[in-house]
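The values are calculated or read from the model by the stated rules, or taken from the named source; none is laboratory data. This is a predicted model, so every value here is computed, not measured. Note that we place each Cβ from the backbone using ideal geometry, even for glycine, and neighbour counts take in every protein chain shown. The area values use the complete protein model at the heavy-atom level, side chains included, leaving out ligands, DNA and RNA. Shrake-Rupley method; radii C 1.70, N 1.55, O 1.52, S 1.80 Å.
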Amino acid sequence: MNNIIFAGKHFLTYNVSRHQHDTWELIYCTGETGKLVFADFSLSYAEGDIVVIPPHTPHENTSDHGFTNVHLNISDATFNYRSPMLIRDDGNQSLLHLFSDAYYLFRGDPKNRAALLSAYGDLIVRMLVAYGESHPKSRVAESIEQDIRQNYANVNYELDQVLHTMPYCYDYLCKVFRREMGVTPHKYLMNLRLQAAADALCSGYNNGNITEIAHMCGFHNPLYLSRLFKKKYGVSPREYYCQQMKDENLTSTDSDSQKITVPE
């Protein structure tokens with residue numbers, strides 16, 4: 001369990017093309033900043049951040065200014081994450097020392113490295129799990145998230161206005177939120193509104209009246225909702241509604257059946 005099967009370094013690098021691994025990949029950013037791009041979201045990272053990527057997760061690593069890192073591949077890792085996770089190292093750079101040691105062990109004498117790498121892998125995984133559980137969202141990100149969740153259904157809600165009234169730089173707020181949540185505040189707001197619209201259509205709310213559902217979910221313009229909805233779900237709201245009702249009719253005689261929703 002938690003065996004390090006590969007350790008490598010990226011010196012100043014601007015792009016690592018889209019790829020995936022059969023094992024867990026742990027990336028410690030040792031310099032500059034960058035962005036890991038996944039199927040439907042991205043994680044921006046900076047020096048001192050570790051990104052934990054589950055097996056079989058396609059991703060691309062890119063940076064405008066170049067990044068440096070130490071990366072490990074671990075088999076049979078005991079993480080309980082289902083999606084990529086960003087974790088911050090502590091002030092003593094404890095994880096950086098472990099990643100660096102693991103790298104030099106992997107490149108060293110093969111006779112002695114197996115047992116040591118297993119011990120390092122176990123310690124690194126345990127520390128990342130502990131850090132992930134003990135480092136909740138910052139007050140800044142939590143405050144923004146709470147405000148969005150409380151107001152996303154309000155068609156008159158102005159997120160930019162809220163951000164500008166907070167006692168921090170607008171760009172800083174957006175950067176912190178994206179770093180911790182994986183998306184910008186505006187994307188988070190839009191995802192909530194689209195999910196609410198999908199839920200309303202799935203429940204058959206008001207016979208799938210798009211205009212009413214749009215207003216109920218924070219959209220001034222139903223056409224704007226339709227355009228964003230189709231981009232996210234691959235079908236128009238009307239098509240989505242009809243499919244849900246069709247599935248409901250087909251399964252209504254089975255008390256144990258569940259509705260099938262279009263995956264995000």
request  = Would you mind working out the accessible area per residue for the chain, using a 1.4 Å probe, and quoting it in Å²?
outcome  = 55 Å²
request  = With a/c under 1.5 counting as rounded, go ahead and sort segment 1-75 into rounded, prolate or oblate using the C-alpha gyration tensor (a ≥ b ≥ c being the square roots of the eigenvalues; past the cut-off, prolate if a/b is larger than b/c, else oblate).
outcome  = oblate
query = Expressed as a rounded percentage, what relative contact order does the chain have, with Cα pairs under 8 Å and six or more residues apart?
reply = 16 percent
ask   = About its Cα centre, how strong a charge dipole does the chain have in debye, to the nearest 20, once Lys and Arg get +1 and Asp and Glu get -1 at the Cβ?
value = 380 debye
Dipole of the chain, positive end: most advanced residue of Ser17, Asn206, Ala77 [Cβ charges, Cα centre] = Ser17
task = Could you order His59, His97 by accessible surface area, starting with the largest, using a probe radius of 1.4 Å?
result = His97, His59
remark   = The helix 94-106 Cα axis meets the longest alpha-carbon principal axis of the chain at an angle in degrees, between 0 and 90 and rounded to 10, of 60 degrees
ask   = According to the Cα gyration tensor, what semi-axes, each the square root of 5 times an eigenvalue, does the equivalent ellipsoid of the chain have, listed from largest to smallest in whole Å?
value = 41, 24, 15
message = Filter Lys35/Lys231; Lys9/Lys187; Lys187/Lys232 down to the pairs with a C-alpha to C-alpha distance above 21 Å, please.
response = Lys35/Lys231; Lys9/Lys187
note = Among trypsin sites (Lys or Arg not before Pro) in segment 70-109, those in a DSSP loop whose Cβ has at most 13 other Cβ atoms within 10 Å are Arg82, Arg107
remark   = Quick P(r) readout (segment 133-203; Cα-Cα; 10 Å bins; whole %) gives 19, 50, 25, 6, 0
task = Divide, for segment 1-153, the radius of gyration over alpha carbons by 2.2 N^0.38 Å, where N is the residue count.
result = 1.09
task = Would you mind checking segment 192-219 for residues with the amide N under 20 Å from a putative spin-label position 7 Å along Cα→C-beta of Thr165?
result = 218-219
query = Can you give the three extents of the C-alpha atoms in segment 148-241 along their principal axes, from longest to shortest, in whole Å?
reply = 44, 24, 20
key: When segment 86-181 is reduced to its Cα atoms, the Kirkwood hydrodynamic radius in Å   = 16.6 Å
